[in-house]
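Notes follow the structure.
A short reminder: the numbers here are calculations on the coordinates, not readings from a lab. Treat the numbers as computed from the prediction; the structure is a model and nothing was measured. Using ideal geometry, Cβ is built from the backbone for each residue, glycine included, and neighbour counts are taken over all protein chains shown.
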Amino acid sequence: METLGIIYAIVTVLAWGTWLAPSEKVELPNALARAFYIAVGNLILASVVFLVVGGAGQLTGDAFLYPFVGGLIWALGALCAFSGIARIGMAKAFGVWAPLNIIVGIVWGILLWGEFLNASTRTILLAVVAVLVIIVGILMIVFSGGTGETKEDKKALMVGFGGAIGAGVLWGTFFVPSAYFGKDIQASGWVTAFPLALGMIVGSGILCALSGKAPKCQSKGDYARVVSSGMLWSVGNFAMLLMVGVIGMGKGFTIAQMCVVVNSLVGVFIIREPAPGTRAAKLTLFGVVVATLGGILLGNLKDAPAGADAITPEAAVEQTDAEASP
């Protein structure tokens with residue numbers, strides 16, 4: 001992986017692995033209120049970046065529409081995710097949607113961008129192994145037994161797992177409208193992050209209104225903490241967009257899901273859930289190591305040609321120049 005790709009990956013994983021920490025103890029009427037304030041924090045940072053880069057001239061037509069739709073998809077994913085958490089607990093819900101995020105991201109990468117289609121058999125096999133290793137590591141972490149409560153009611157379980165599955169599909173898809181359908185728009189990711197943020201806050205705001213509960217915090221400090229969580233999520237989102245531009249959509253989005261590694265380390269050594277030294281903590285840390293090794297392997301794979309007849313981008317340029325010569 002290139003140096004820039006490594007830097008973007010580290011920032012993404014750190015930001016998305018810690019964004020819940022500032023607001024973890026903030027009490028809110030429901031989970032949708034938390035999603036709303038995440039969207040508020042993201043909109044604040046995205047607006048600042050938008051103004052700094054002078055994005056007003058670039059934000060026309062499709063440059064606004066497609067990212068905005070992506071934000072609405074993110075809001076629906078948040079509804080599914082928090083519905084799942086409320087019924088089956090964070091651990092099991094994350095255990096469903098994190099691997100699904102990876103799988104869905106890779107599928108979109110193959111279908112829409114042709115990632116790995118021209119790779120050698122060896123590269124494809126190593127990619128499959130790397131993804132499986134990451135998923136195994138994540139599952140070890142989330143099912144270590146240290147966090148999350150589960151309601152055993154059959155209907156609650158069905159709704160909970162359904163919500164987690166929905167989050168896995170939707171959160172693995174929200175980047176597609178702007179990254180693929182809006183691929184010809186003349187605007188950078190720094191600019192399109194603004195309409196994405198608008199879509200997130202409109203979608204989550206509508207869902208909050210439909211819930212019938214105002215998103216009120218108990219103190220001004222709580223408002224600051226929960227909004228700062230959204231700003232931290234936004235940092236991870238910007239870094240993820242940059243990382244994807246360097247290493248590709250499938251690999252980039254998969255590596256981004258390793259934020260669970262950082263989240264788990266924070267849980268063991270800072271929040272102490274599970275407590276260090278317990279079986280749950282040891283299993284969590286082992287899962288961290290496994291997932292990290294899988295991420296390193298995936299990040300260093302090259303999308304190598306499948307055979308000697310494959311044409312590299314450089315060769316294609318040379319061939320085009322030759323054909324154009326008199």
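Restricting to DSSP H runs of at least four residues, report the calculated mean residue ellipticity at 222 nm for the chain, -39500 (n - 2.57) per run over all residues, nearest 500 deg cm²/dmol. Let's see the in-between values first.
Values: 11 runs with 230 residues, N = 326.
Counting only the DSSP helices, I get -24500 deg cm²/dmol.
Can you list the GluC sites (Glu not before Pro) in region 67-168 that are in a DSSP coil and have 12 or fewer other beta carbons within 10 angstrom?
Details: sites: E115, E149, E152; in loops: E115, E149, E152.
Listed in order of number, the matching sites are E149, E152.
In region 1-90, what trypsin sites (Lys or Arg not before Pro) fall in a loop by DSSP, with at most 12 other Cβ atoms inside 10 Å?
Values: sites: K25, R34, R87; in loops: K25.
Of the trypsin sites (Lys or Arg not before Pro), the ones in loops of region 1-90 whose Cβ has at most 12 other Cβ atoms within 10 Å are K25.
Sticking with the crude label model, points 7 Å out along Cα→Cβ, report the distance from A56 to L157 in nm, one decimal please.
5.7
Expressed as a rounded percentage, what relative contact order does the chain have, with Cα pairs under 8 Å and six or more residues apart?
Values: 537 pairs, mean separation 130.3, N = 326.
That works out to 40 percent.
Over all directions, average the projected area of the Cα convex hull of region 14-150 and note it in nm².
On the way: hull surface 44.7 nm².
Mean shadow area of the hull around the Cα atoms is 11.2 nm².
Which option, (i) 94, 48, 41; (ii) 66, 57, 34; (iii) 75, 49, 35, is the value of Cα extents along the principal axes in Å that was calculated from these coordinates?
Given (i) 94, 48, 41; (ii) 66, 57, 34; (iii) 75, 49, 35, the structure-derived one carries the label (iii).
Label 7 Å along Cα→Cβ of E24; region 236-259 residues with amide nitrogen under 19 Å?
The answer is 236, 258-259.
Are there DSSP H segments in the chain that both extend 15 Å or more along their axis (alpha-carbon positions) and score a mean Kyte-Doolittle hydropathy of at least -1.0? List them, or say none. Show your work: numbers first, answer last.
Details: long enough: 3-18 (23 Å, 1.75); 31-52 (32 Å, 2.05); 62-113 (38 Å, 1.49); 121-142 (32 Å, 2.82); 154-171 (25 Å, 1.11); 189-211 (32 Å, 1.69); 220-247 (41 Å, 0.98); 279-299 (30 Å, 1.57); 313-324 (17 Å, -0.70).
Answer set is 3-18, 31-52, 62-113, 121-142, 154-171, 189-211, 220-247, 279-299, 313-324.
Over region 1-145, what is the relative contact order in whole percent, taking alpha-carbon pairs under 8 Å and six or more residues apart?
On the way: 30 pairs, mean separation 31.2, N = 145.
In percent, rounded to a whole number, it is 22.
Could you tell me which of G160, V227, I255 has its Cα farthest along the dipole of the chain towards the positive end, charges placed at Cβ (Lys, Arg +1; Asp, Glu -1), taken about the Cα centre?
G160
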